[in-house]
Each structure stands twice: as structure tokens, then as C-alpha cells.
Amino acid sequence: MAFQNASQFSIGNATFSADTHNVTVVQQPVFVDPMKILHDNRAVEATHTSTTAAYAPKCKPGSREQVIQDITSWAREPKQVASHILWFQGPAGGGKTCIMREVALRLQETGTLAASYFFSTRVTGLDTERPFMATIVHQLLGTENLTEAGVVERIMKNPTIFTESLDTQMEALVMCPLKWTGDTTVGQDRRPCRVIVIDGLDECRDKQGRAHILRLMRKLATSKTIALSFTIIIASRPELDIRTIFSNTDFKQITRNVCLQDYDGAADIRNSLCDEFNRIRETHPGKESIPEGWPAEEILELLVSKSSGCYIYPATVIKHVDNPRRNPVSLLQEVLAMSKSLAPRNPLEELDALYAHILNPPDTDILLMKRLLHCIIAINEALLINSSKGVNMDKSLAAHLVPAFLDSLLQIPPGSTNITFCDLHSLIAVPQFVPKYGVLPETRIRFHHKTLEDYLCSPRRSGHLYQPLHASHLDLATSCAQHVQRWSPEESPCSTEVGYYSCRSWWTHLDLFFQGAASPKEALRQIPTSLLNFDSTRCWKYELAYTPREKVPLSIWTHLPSPEQIHEFIVSIIQTVTKAERMPNLLRIANSHSAPSQQLVSRYAQPISSHTLR
């Protein structure tokens, strides 16, 4: 013990002892399980053997036989210099996914299927390209030359590989392990040929992600340096960005184009309708009141004509008519009364008429229904954005969009969502009860088909049911802010699920609102005072109150913006507004926040106000 620079002090009746000991720190090596990393990053629901696929609609035996046969025959034929990619395109609701599931099953039976991936906007996590390569690689294990050992070795070397680009993943986990080791001058044509089936590419929401996957699949299909020859089957709608890529010379010379419209599906649709009407006649609670010959032959022909080769129309008709609480004969008459046309110009005309009829049920709050439908679309977009940033939403039932969650989030009376949607089950899957934990993906509120989202987002098609997407984001940002603003540590919070969602998504919704608004000036006029006055630090306090900081994912702390970042953003928006309107808006924001934030805004306000006064 030492008393440096000490003077004029004394110590009495004291006992001093010194104790020293050595501390040995043993660092245990962190065990990395490569297969677990691969499993955790794949999307098992994207495969043709998933639970989602097991309960999905299927082609009836004998239906769509010609197009299925054409695709599978092409996939099995030897590839010399001919096409390596088949693009199967068709309109929305044409039954492409059912056909592709059948194609995958038949190729699996013959041993030629290597992997499958089914994109979907209706299943959580399947509308992004992020898990694509991990899912494909997992299915490729066990095929010729791609062994588990080869993949394990590369994941061991780079455990974070699935956070890197898809190019890096494919090069390390597919191209390198499958590298051709034989004589490059002979044997190329004798390489085993395997097929990769990709469905619903248009349902990958990121257009750049779609283009990325197409480029990767072209590289894989045309590679001469790997020991397998890959054939790629891709099914999608003919969206502009996808059409543009396939019209490029690099793709055009190696791609076979198959159009669903070239196949007459009228007979298959007719058989499907007959089967479904027979089932309703046999199982409906009021089956005694249904005529034996219902529906008449001319009605069947009319429905087939209205379908224009697309299954979405007859499928929606059947869902609407198959209501145990109402008379199916009357329901079918309602559908038929909407249009007397025997030859629609396009399938969307009849589909839109059907949507308009179902979405205007009697004794329903249409404004609330419109708000709920558009909020579902906006929440799905926000969840996708949060997921792309690594924001964990597992604690939130928003990931499953149950009715009780929407009731609480939008601050409407309990049960309102269920009541509003009670006559819309032909268009929307609405779960009646969802346990708080262990929620299954299929129990979330979801649209039966993406054409409903397309309809609601088109002002020309949906008319009074249309609402700009950015308006829904503002609605949700305001609701989220109100939930967090009312909360205090001394009181019981709103439901934990709504609280977590509000904290982690309000900024995403506000950002998407600004992106969609016509102009910054118009956006600022629409933001309510409650949102401008929102104290964002409450989000952090809420997280800490209900989740220990060490257990909160790092992505949350990096995603939630600080008050300073929020003001930086809003000020940057205000700076684009006309000079005359800058000062009032800046003062309004500065006066509604804490002193540090006011100082930050003042740094911007001073030069702007001086410039304005000149």
C-alpha cells in the first residue's frame, strides 16, 4: 500500500493484510454446427414437400395434362446446345402453381428433380430472395458430387456466409463443391442432368432480387465447369421486369418460352366446377333444398366462359357459394346477376365484378373494412422491410396478423375485425382463434390470392375501395406512436405484441409514408400533431421494461432511430419545402421535443430563417 504525496496524518489500531492470487481465464472454443446454420437459414415452406404444399390446391387427376407433359418432357430431354431454361408464364389466377407442384412431383418420381423453390406473398418469409440459396443447397445435398462434407467444410470456414450475397453463397456452396475434375474435352454431354423448379418469381417483392436470381440461374445452367448439368424451370406472371430480362439476348438464346394461354383449360375448369358443385350438393346443411340438377348446363357453360382459362374466377365463385349459413342456389344467382356478358374481353373484368360484389356486403362498415384491408397490405410491406434489416419480430403476433392484434393496434372495439370480415371468407383466410405461442403460418389473416391485393391497389379497378398505400402507412405510424406515447412504466401496457410491433415498426411506416407521398410539402401537411409530438425515446424505454437489454437483438438497437436521427430526417424533408413554409414547420417541431432536440433543430432553423428573411 502506498500513500503518494501524503503528509500530516496518522493511523492507529489498524491491521493490514495483503492477499494476492492468480486468475486463469480459460476460453472455451465456440462450437459451430454447419448443418444447423444451413437449416436455420433455409425456408422449408418454400419446397414442394412442405406443410404449405401439402394443404395447397392441387391439379385434379387428369387435368392440365398437356402442359404438364410438355414441361416434364422438355426437362428430361438431353440438352446439347438447346435451351437450358424454361420460362412458364401465365396470367394471375391461371393455376401455374398447381401445375408447377405437379411438375416437381413427377420429376421427383423419375429422379431428375434437384430442388424446388416456391415464392409466395401469402406465407411469411417466402416473398424475399434471402433464404433462396440455403434452401436450394439443402435440397442438393446427396445429389451426385455434392456431399454434405463439402458443404460443411465451407460453412465451417465462413459461418456467416448466409449474410453475404447470393453470388458468394452459390460460388462457395454449389460451384466449388461441384467443380468438374474430369477431362474437359470429353464427357461434358454425359454429365448427369438435374432440374431446379422455381415458381412464383413475380411474388418475390424486390425486383432487383428477381433479376439477381435469374442471373444466378443462368450462370448455373450454362456452366461447363461443374460436374452436373442443370436445367431450370421458372414460372411467373409476365411482369415487365421479368419479360425484359428474358427478352435479353443472353437469355433468349437459351430459354424456351411456354405460355399457359396457349393451352385450352376450359374442359379442366368445367370438370373442376362439376366436382365442386357435386360436393356442395352432398355436404351443405340445406342440401334437401338444392335441386338435383343444380346448376344447369347453361350456367356451367357461362361460368366456364367467364373464367377465360383462369382458375381464380371459378375458385372464387366456389368459395363464395360454399357458405353453410346461406343458400348456395341464391348465392350463385347473385354472382350470375352481376354480368350478362358471355364473352368478357379479359378475365379481370369478371373477377373485378365478383370482388366488387363480395366486398360490398350488407350491414357492414365499408370504411372500416377498407381500412382493415389496406392496413393488412401495409403491415406486410413493413414486416418485409424490417426483416430485410434484420429486425426480429418473433415476439409480435403481427407476423401472423390475427384479428385481435388488428383490433388492438388500430384501437377499434374487440371483435371488430372478425365481425367486419365475417362475409369475406371467400377472399380472406381469417383465423378464429390463435394461441399466443406456437402460431402456425397458415393461421394468419391472408388474402387467398394476390389478385385481391392488385385489385385493392388499383384506383381504376376498385373505385371507392381504393386507398393509397402511403396513407395506410401514415395511419399505422400514428397508431403505433399513440400506443407507445400512452404507455408508462407504472401502468399496464397495451398488449405486449402490439407494444413490440409499435416500437419496432412506427418508424418504418413513417418512412414508407414519406416515400409514397406526392411531395414533402404534401406529406408534412398530412402528418397529425400527435405524430410530430411523439417522444421516440419511449420505444427504448418500452423495450428495456419488458426485455432485458442483453436479450434484445442487436438489430433492434441499430434499427430504432434516435430522436436526433428523426429530426435529421424531418429537417431534410422540410428543407425541400418552399422557403415561406420552412420556418413555421421547423418551429412546430422544435417546440414539441426535448431541449437537446430543440438545439439540433435550431442549428438548421437559424440559417434557414436568415435566408428566408433576406
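The values are calculated or read from the model by the stated rules, or taken from the named source; none is laboratory data. Given the structure is predicted, the values throughout are model-derived calculations rather than measurements. Here the Cβ is made from the backbone with ideal geometry for all residues, glycine too, and neighbour counts use every protein chain on show.
Here are a few things to note about the model shown:
- The set of residues from the range 480-524 being buried (at least 22 other Cβ atoms within 10 Å of the Cβ), modelled with pLDDT of 85 or more and small (G, A, S) comprises A481, S502, S505.
- Residue match in the range 283-291 (condition: closer than 30 Å to I198 by Cα, assigned to a helix (DSSP H, G or I) and in contact with a helix residue (DSSP H, G or I) (Cβ under 9 Å, 6 or more places away or on another chain)): no
- Residue identified as surrounded by fewer than 16 Cβ atoms within 10 Å (Cβ to Cβ) and either β-branched (V, I, T) or within 20 Å of the chain's Cα centre (by Cα) (or both) among S458, S472: S458
- On inspection, T112 passes the criterion of being touching a strand residue (DSSP E or B) at 6+ places or on another chain (Cβ under 6 Å), surrounded by fewer than 20 Cβ atoms within 10 Å (Cβ to Cβ) and modelled with pLDDT under 95.
- Restricting attention to the range 501-533 and to residues that are touching a helix residue (DSSP H, G or I) at 6+ places or on another chain (Cβ under 8 Å) and hydroxyl-bearing (S, T, Y), the residue that is nearest to L474 (Cα to Cα) turns out to be T508.
- V174 being free of Cβ contacts under 8 Å to residues at least 60 places away in the same chain and among the hydrophobic types (A, V, I, L, M, F, W, C): yes
- Top-ranked residue in the range 264-279 [being crowded, with 19+ Cβ neighbours inside 10 Å and touching a Lys or Arg at 6+ places or on another chain (Cβ under 8 Å); ranked as modelled with the lowest pLDDT]: G265
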